[in-house]
Structure formats: structure tokens, C-alpha cells
1. Could you check how many residues of the range 101-112 are out of contact with any Cys (no Cβ under 7 Å at 6 or more places or on another chain) and not in a helix (DSSP H, G or I)?
2. Within the range 51-69, take every residue that is surrounded by fewer than 19 Cβ atoms within 10 Å (Cβ to Cβ) and on the phi > 0 side of the Ramachandran plot and give me the one that is farthest from the chain's Cα centre (by Cα).
3. Tell me which residues, restricted to the range 211-243, are part of a loop (DSSP other than H, G, I, E, B) and at pLDDT 95 or above.
4. Quick check on the range 39-48: of everything there that is within 13 Å of the chain's Cα centre (by Cα) and surrounded by 20 or more Cβ atoms within 10 Å (Cβ to Cβ), which residue is farthest from P93 (Cα to Cα)?
5. Picking from H193, H221, H205, which residue would you name as being more than 23 Å from H75 (Cα to Cα) and surrounded by 22 or more Cβ atoms within 10 Å (Cβ to Cβ)?
6. If you scan the range 165-200, which residues turn out to be over 26 Å from H137 (Cβ atoms) and assigned to a loop (DSSP other than H, G, I, E, B)?
7. From the residues in the range 8-24 that are among the hydroxyl-bearing types (S, T, Y) and surrounded by fewer than 17 Cβ atoms within 10 Å (Cβ to Cβ), which one is modelled with the highest pLDDT?
Amino acid sequence: MDSRSRFCISCLLLSMPLTACSPPIAHLHQVPGSLPAYAHNDYKNERPLQDALRLGFSGVEADFFLVDGEILVAHDRNKVRADRTLRSLYLEPLREIIADSGRVCPGGQPFILNIEAKESGDESFQALHDLLMEYRHMLTRVEQGQEKPGPVQVILVGWHPPLEKLAAMPVRCVAVQSYWRDLPPHHAKIPAHLLRLVTAQFPQHFQWQGEDEMPSEFADHLAELLSARDQVPGRLLRIFKVPRRMAIYEALQQGGVDLIGTKKLASSARLLQPNRTP
């Protein structure tokens, strides 16, 4: 039996109804990076970054606006606050964690910091680059074309300069994403340190809601997404807007999806670890 057939059979088994106890939130403490999930719009949570780390997530996402030279974290420009900066909410806390323990996630796995510029333009990118350079020693970076892994990987999931311009930078502290449907034909020749993330929104690709038997189309299309990722070693696959149903979460985990996006951290953590006991 080939690997594709084994994967399809596993997915069909995972579509069967499952039951599990949901431990209280207080018991949902995990080692950072132990769950294949990231906190989408993380800055809207009660404790940005900290909740995701406590629950074992592998990354977070932060949106920003450039306001009077400051990189302020918010989803809408009219919601920016001077005290909610990318530095204070994410970069400084991560720096302190790394200074204390030398890492964020175990085993050399980088913690993913997805960053989205809510307004396009070179000015915003340059300001972000300048800020990240202050923290470059904790970030995965590329110097003169050579990748130097770090405890944190920054990925631009919004606007970014052309890949050619990024690749020509003497020092670069970011990689970028591409939606699966927008992958360039030559994407297999683009190194992962430049194009790190393949992204898909669940509703745009899948109709299965996890309540009945999994259709074969689900496994087939998931295999397509995984194949695009696997053409370049080190590339990751993220899927977001995922229905919070155990069968779907199990199928994505079993398939090997690297990052499942969620805005409901505690309930998603339970689905990702249904057999954990308090």
C-alpha cells in the first residue's frame, strides 16, 4: 500500500465520531510548540502571546499599522494604541524568554511570529525591518544568502516587497507566505528561507464540516496542499478558518498540517489534545 492510500485510510478512520473529556482551562498548560496551531489575531486575546505560549501553540499572528514612526498592533487603524506596540507585546517578551532559557520551543523548532502589515508600502516595511534588526540575534535571518536559524521565525503574511528585492537584501529577518492558489509556477525553486509558508483558508478549499463521513475529496485536496509544501524542505503549511470539530482537527493533524489557525485558543487546544488528562 503506498503512502497516499495509507493517508486516505487514516483520514476515513478519523472521520468517525470521537468523544473526549475537555479539561478545564486551568489544566491546559503545554510546552510552547507542542501543538500544531497558531493564534490568529493574537493581540485580541486577554493576554497576547502569553495565552498562546501557555497553551502550547507554535506561533501567533500580529497585524500592525505604522503611526508616527511606531509599529502599533491592531486590526483597524482607529483601534491603535500607543502602548500596544509590536516591540512591547511580542519582541521584548520573546527576547526575555530566550534570554532566560535560550529558546521558545524545544528541539530547535522556531516559534512562528506571523506579521501582517495592514497597509502596504515600502515605508511600513522599512520601519519593520529596522525594528527587527534590533532583535536579529533571536530571529531566523539570512545574511549574504546564508540562513542562520534562530528561536523565532518572522513570516510576513500581508503585503511585502517583491521576492527579488527581499532576496537581494544583505541581511533579512523575514520570510513570506503565499496562498496556495497564488503560488508561482516556479515556487519549487524558491528556498524556504524566502517563501516559508503555504497558506489556505479552509472554506475556500473544503466543504466537509466534520459531522458525517469524510468525503474522498477532502483527503485528495489536502494531499495537494501538502505536496506543494513538500516540494521545498523546510516549508510549512497553515490552514485557518477551520471549523472547530474534532474530526477535522484530527484529520489535519494526521495529515501533517503544520499550523492550524484559531481565534478560540482554549477550545482549539482541547481539540488538539483530546486525550490529555488534567
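1. Keep residues of the range 101-112 that are out of contact with any Cys (no Cβ under 7 Å at 6 or more places or on another chain), which gives 101-110, 112.
Cutting the leftovers down to not in a helix (DSSP H, G or I) gives us 102-105, 109-110, 112.
Going through the range 101-112 one residue at a time, the tally reaches 7.
2. Going through the qualifying residues, I end up with D68.
3. First pass over the range 211-243, keeping only residues part of a loop (DSSP other than H, G, I, E, B): 211-215, 231-235, 241-243.
The answer is Q231, V232, P233, G234, R235, K241, V242, P243.
4. Looking at residues that are within 13 Å of the chain's Cα centre (by Cα) and surrounded by 20 or more Cβ atoms within 10 Å (Cβ to Cβ), I get H40.
5. Working: H221 fails: surrounded by 22 or more Cβ atoms within 10 Å (Cβ to Cβ); H205 fails: surrounded by 22 or more Cβ atoms within 10 Å (Cβ to Cβ).
Just one listed residue meets the conditions, H193.
6. L183, P184, P185, H186, listed by residue number.
7. Filtering the range 8-24 for residues that are among the hydroxyl-bearing types (S, T, Y) and surrounded by fewer than 17 Cβ atoms within 10 Å (Cβ to Cβ), the one modelled with the highest pLDDT comes out as S10.
So that you can scan it fast, the table gives a plain yes or no per residue for (1) surrounded by fewer than 20 Cβ atoms within 10 Å (Cβ to Cβ); (2) at pLDDT 95 or above; (3) outside any strand (DSSP E or B):
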residue: I71; (1), (2), (3): no, yes, no
residue: N78; (1), (2), (3): yes, no, yes
residue: R87; (1), (2), (3): yes, yes, yes
residue: A99; (1), (2), (3): yes, yes, yes
residue: I115; (1), (2), (3): no, yes, no
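The values are calculated or read from the model by the stated rules, or taken from the named source; none is laboratory data. Only a predicted model underlies this, so the values are computations on that prediction, with no experimental measurement involved. Neighbour counts are summed over all protein chains in view; Cβ atoms, including those assigned to glycine, are modelled from backbone coordinates with ideal geometry.
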